[in-house]
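Chemist: Sharing a structure here in structure tokens format.
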Amino acid sequence: MDHRLVAPLLFLLGLLFLSSAAATSAAGDEEPLIRQVVGNADVDDNDLELDSHFVSFVQRFGKTYKDAEEHAHRLSVFKANLRRARRNQLMDPSAEHGVTKFSDLTPAEFRRTFLGLKTSRRSFLLEMGESAHDAPVLPTDGLPEDFDWRDHGAVGPVKNQGSCGSCWSFSASGALEGANYLATGKMEVLSEQQFVDCDHECDSSEPDSCDAGCNGGLMTSAFSYLLKSGGLEREKDYPYTGKDGTCKFDKSKIVASVQNYSVVSVDEEQIAANLLKHGPLAIGINAAYMQTYIGGVSCPYICGRNLDHGVLLVGYGASAFAPSRLKNKPYWIIKNSWGENWGEKGYYKICKGSNVRNKCGVDSMVSTVSALHAPKE
């Protein structure tokens with residue numbers, strides 16, 4: 001098939017399968033739909049070549065397996081993930097997909113171990129304009145075309161949540177790090193482990209959906225916890241372990257406190273305005289394409305809006321050329337919590353703009369936090 005026909009064909013097929021996409025999104029896994037649209041994408045597989053790629057993967061990421069059986073299993077998963085990366089590449093041609101440090105994990109293992117955003121009615125209530133913490137509407141005239149809080153000192157180092165579903169805590173701490181910087185002029189690297197060990201706050205719209213350490217949580221619930229507890233300690237005072245533990249919170253060591261928080265409407269101009277006013281924003285996203293993401297601007301033809309991963313929105317860009325779409329693409333800049341050896345040194349870019357509104361649910365769950373000028377005593 002002429003490669004020039006691939007993009008239009010995929011778009012038309014995507015429209016045909018929208019009903020399937022909705023059903024798949026409800027199940028939390030786009031993989032069957034992507035496979036249905038683009039096929040197996042496994043022609044030209046060569047076992048010797050794949051074995052060689054696996055050896056390089058093991059060496060590059062320092063992988064070890066307990067025995068020959070586990071090694072064989074991970075090799076088979078790796079091969080399946082290479083085919084999956086090819087499918088993702090066809091569906092998301094403006095990004096680069098391939099081998100990552102997660103290439104020996106099944107999609108189910110990846111979701112269970114490295115995501116952790118709990119499902120909530122909050123994003124759906126927000127779509128309908130209903131929230132107890134609605135952010136006020138901000139003026140959007142004169143917003144800059146490009147903006148990145150990394151250039152202004154409000155973003156801390158990229159961290160690694162490890163094999164713990166605590167993404168929500170990194171999203172929340174990152175937002176407070178930025179807000180505290182705006183309030184005090186000082187970058188304090190804050191503790192996620194305090195959230196993991198001590199925060200058991202429940203979402204007001206879903207009392208059964210409570211923050212649960214490595215078993216997931218919500219950023220807005222985390223902010224509510226901080227309002228009640230007084231704030232966060234430094235990471236060096238309450239270091240991250242990547243596992244659930246006993247709460248060791250010391251109120252005398254608080255260095256950043258929440259004044260208030262709010263939920264931003266599903267509107268890209270309002271999101272950008274709140275980003276500039278309040279600093280980095282805590283957001284939810286659908287991570288369907290992130291397991292195989294290497295770099296570039298992710299703008300998949302089909303992506304569900306069910307949210308399963310908490311990340312930090314730190315900026316946006318006006319244009320990144322997308323050859324497959326023959327034009328420049330505006331994009332959001334997202335800080336992740338999988339270490340610097342994932343993505344673009346720990347960062348992810350996803351397209352923005354009116355013609356791709358809410359891609360992968362990126363606009364659906366956005367919250368901002370304001371910090372006190374001095375921590376509570």
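Bear in mind that the values in this text are calculations on the coordinates, not laboratory data. None of these values were measured; they are calculated from a predicted model. Reconstructed Cβ throughout: ideal geometry from the backbone, glycine too, with neighbour counts over all protein chains shown.
Chemist: What translational diffusion coefficient, to the nearest whole µm²/s, does the stretch 114-371 have by Stokes-Einstein, given a Kirkwood radius computed over alpha-carbon pairs, a temperature of 4 °C and 1.567 mPa s viscosity?
Modeler: 72 µm²/s
Chemist: Same structure again: Taking 0.36 nm per residue of separation and subtracting the Cα-Cα distance, what length does fully extending Asn341 through Thr241 add?
Modeler: Additional length available on full extension: 34.1 nm.
Chemist: Leaving out same-chain residues fewer than 8 places away, which lysines sit with a Cα under 29 Å from that of Lys329?
Modeler: Hits, sequence-local ones excluded: Lys101, Lys159, Lys277, Lys345, Lys349, Lys352, Lys359.
Chemist: Sort 169-178, 307-316 by packing, meaning the average of other beta carbons within 10 Å per residue, with the highest value first.
Modeler: Top of the packing list down: 169-178, 307-316.
Chemist: Additional query: Length gain on complete extension for the stretch Thr64 to Lys277, per 0.36 nm per residue less the alpha carbon to alpha carbon distance? Write down the numbers at each step before the final one.
Modeler: Details: separation 213, 0.36 × 213 = 76.68 nm, distance 4.58 nm.
Result for the pair: 72.1 nm of gain on full extension.
Chemist: If the viscosity is 0.692 mPa s and the temperature 37 °C, what translational diffusion coefficient in µm²/s does Stokes-Einstein give for the stretch 129-266 when Rh comes from Kirkwood over Cα pairs? Each step should come with its number before you reach the end.
Modeler: Details: Rh = 15.8 Å.
Once the numbers are plugged in, D ends up at 208 µm²/s.
Chemist: Next question, about the same structure. Along the stretch 272-285, what does the Karplus equation 6.51 cos²θ - 1.76 cosθ + 1.60 (θ = phi - 60°) give for ³J(HN,Hα), rounded to whole Hz, x for Gly and Pro?
Modeler: Along the stretch 272-285, the couplings run 5, 5, 5, 4, 5, 7, 9, x, x, 10, 7, 9, x, 8 Hz.
Chemist: Tally Lys/Arg at +1 and Asp/Glu at -1 over every other residue whose Cβ is under 9 Å from the Cβ of Val264; what's the total?
Modeler: Summing Lys and Arg as +1 and Asp and Glu as -1 gives -3.
Chemist: While we're here: I need the peptides 219-225, 102-108, 181-187, 357-363 ranked by packing, meaning the mean over residues of other C-beta atoms within 10 angstrom, with the highest value on top.
Modeler: Sorting 219-225, 102-108, 181-187, 357-363 by mean packing, highest first, produces 219-225, 357-363, 102-108, 181-187.
Chemist: While we're here: For Val137 and His73 in the same chain, what is the full-extension length gain: residue separation times 0.36 nm, less their Cα-Cα distance, in nm?
Modeler: Between Val137 and His73, full extension yields an extra 17.8 nm.
Chemist: Compute and list, largest first, the equivalent-ellipsoid semi-axes of the stretch 134-176 from the alpha carbon gyration tensor, each √(5λ) rounded to a whole angstrom.
Modeler: The answer is 28, 16, 8 Å, longest axis first.
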